[in-house]
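Student: Following this message is one structure expressed as C-alpha cells.
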Amino acid sequence: MSFQKAQDLLKLAGMSASRHSGITVKQVAEEFCVNERTAQRMIYALKDVFPSMSHDIDGERRRRWKLRDTSMLGMQGLYRHELVALEVSITRAEREGADMEVKALRSLRDRLVATLPSPLARKMEVDAEAILEAKGYACRPGPKVKTSPDVLNIVSAALRGPFRLVIRYKGAQDAKVRKRVVEPYGILLGTRHYLVARDTAKDTNLRRFRMDRIEKAEITNEWFEKDRDFDLETYAARSFGSFHSDKEFTRVVWRFSPAAAAIAREFEFHSKQEIVDLDDGGLLVSFEASGLVEMAWHLGKWGREVEVVEPAQLREMVAGYRGASISVLP
C-alpha cells in the first residue's frame, strides 16, 4: 500500500467514526474525488483493517458505514496540517472581530497540543508557524515576486520529510530550464522567496534557489539526513533580507536622527543587532550581514533621518536618499 493510500484510509476512518449516522459511498466519493466504485473499495478496505465497522440502512435505503471502536484512532495524534488549519481559523476570526470564536478555537488548539509529548508539541507549533508564513497568512502587503502555490506546497512537504526534490529551474544567465535534484533545508521569505538546498550533482555547499524560477517541483521518496549542525535562523542571520553573498558579508552601522530614533527602536532590523542610545537622542544600530542592495531599498524609506556609518559602499549607494524630503517614516 502506498503512503497516500494509507493516509486516505486513516482519514476515512476518522470520517466514519466522527459522523453520528455514518458515511455513505456517495459521501466518500465526493470527499476523495473518486468514483463510487473506488469509494466502495475504500470502505471495504477500511472494514478489513477495522473488523468492528458495521453498517445500517437509512430511510432512503442507503448503507451508512460507522466505525464504533475508535481506540486506535487516538494513536494518530495531531497532524501538522490540522494545527495549521486551526491557526488559520484563529487568524481569520481575529481579523473579523469574532472574539468568542477566537477564544473557543484557542482553547481547542491548546487542549489538542497539550495531549502531545512536549518536544513534539513544540515542533508542531514551530512547523505550523513556518507553514502559515510560507503560505502567506502573515498577509504581507506590498510588491513581491509571484511564487507558484503548487511549488510552495510541494517544497513544504519535502521539507517535512525531509525528502529529495526534483526541480526544473530556470537559470539567471541563459534562462535555460535545467533539471536539478536537491536536498531542501528551508525557505527564506522576502521580496523574493529562496529555497535553501544542496545540489546533489555538485557539492555539499548550501545554495539558494529563487522560488519564482522553479517552474516545477516533484517530491521523491528518497529520504536524506540533514546536517545536524545546520540552523536556518543562524544561516538566515548572515543576510539582511533574503539575498545572500559571502563576499558582501560585512559590519553594518546606521545612525538614526533624534527625530527618527523612537520609531527606529520599534524595528528589529536584524536578529543579531546591537542598539546604542546616543547623547543627542539619536540611535546607533549595528549588525553583521550581507545584502547591500536590500539594505539600500530599506534605508530609502528613512530619507535624511538615517546616516550610514559603515560600510562605505552602502553609504555611496544611499547618498541620493539623504536629500529626499520624507515627512512620514516607516
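The values are calculated or read from the model by the stated rules, or taken from the named source; none is laboratory data. Since the model is a prediction, treat every value here as computed from it, not as a measurement. So basically every Cβ, Gly included, is an ideal-geometry build from the backbone, and we count neighbours across all protein chains shown.
Student: Can you find, within segment 276-330, the residue that is modelled with the highest pLDDT among those that are in contact with a helix residue (DSSP H, G or I) (Cβ under 7 Å, 6 or more places away or on another chain) and aromatic (F, W, Y)?
Tutor: In this case the residue turns out to be W302.
Student: Here's another thing I want to ask about it. Out of the strands (runs of 3 or more DSSP E) lying entirely within segment 199-264, which hold 3 or more residues that are closer than 23 Å to R180 by Cα?
Tutor: Answer list for segment 199-264: 206-210, 214-223.
Student: Confirm whether R198 is more than 15 Å from R164 (Cα to Cα), among the charged types (D, E, K, R) and surrounded by 12 or more Cβ atoms within 10 Å (Cβ to Cβ).
Tutor: Criteria not met by R198.
Student: Looking at F267, is it surrounded by fewer than 16 Cβ atoms within 10 Å (Cβ to Cβ) and assigned by TED's automatic domain parsing to the domain that holds G303?
Tutor: yes
Student: Restricting attention to segment 273-324, which residues are closer than 14 Å to I263 by Cα and assigned to a strand (DSSP E or B)?
Tutor: I275, D277, L283, L284, V285, V306, listed by residue number.
Student: Does R208 satisfy being in the same structural domain as G291 (by TED's automatic domain parsing) and without any contact (Cβ under 8 Å) to a residue 40 or more places away in the chain?
Tutor: No.
Student: Would you check if there is a residue in segment 16-32 being assigned to a loop (DSSP other than H, G, I, E, B) and at pLDDT 85 or above?
Tutor: yes
Student: Then there's this: Taking the conditions exactly as written (within 28 Å of L188 (Cβ to Cβ) and not in a strand (DSSP E or B)), does E268 satisfy them or not?
Tutor: yes
Student: Of the conditions (1) in contact with a helix residue (DSSP H, G or I) (Cβ under 9 Å, 6 or more places away or on another chain); (2) at pLDDT 90 or above, R192 satisfies every one except a single condition; which number is it?
Tutor: Condition not satisfied by R192: (2).
Student: Restricting attention to segment 19-35, which residues are over 13 Å from R64 (Cα atoms) and either outside the structural domain of S52 (by TED's automatic domain parsing) or exposed (fewer than 14 other Cβ atoms within 10 Å of the Cβ) (or both)?
Tutor: Matches in segment 19-35: E30, C33, N35.
Student: Moving on to the next point. Being out of contact with any helix residue (DSSP H, G or I) (no Cβ under 9 Å at 6 or more places or on another chain), under 19 Å from S290 (Cβ atoms) and surrounded by 16 or more Cβ atoms within 10 Å (Cβ to Cβ) is true for just one of F240, F209. Which residue is that?
Tutor: Only one candidate passes the filter, namely F209.
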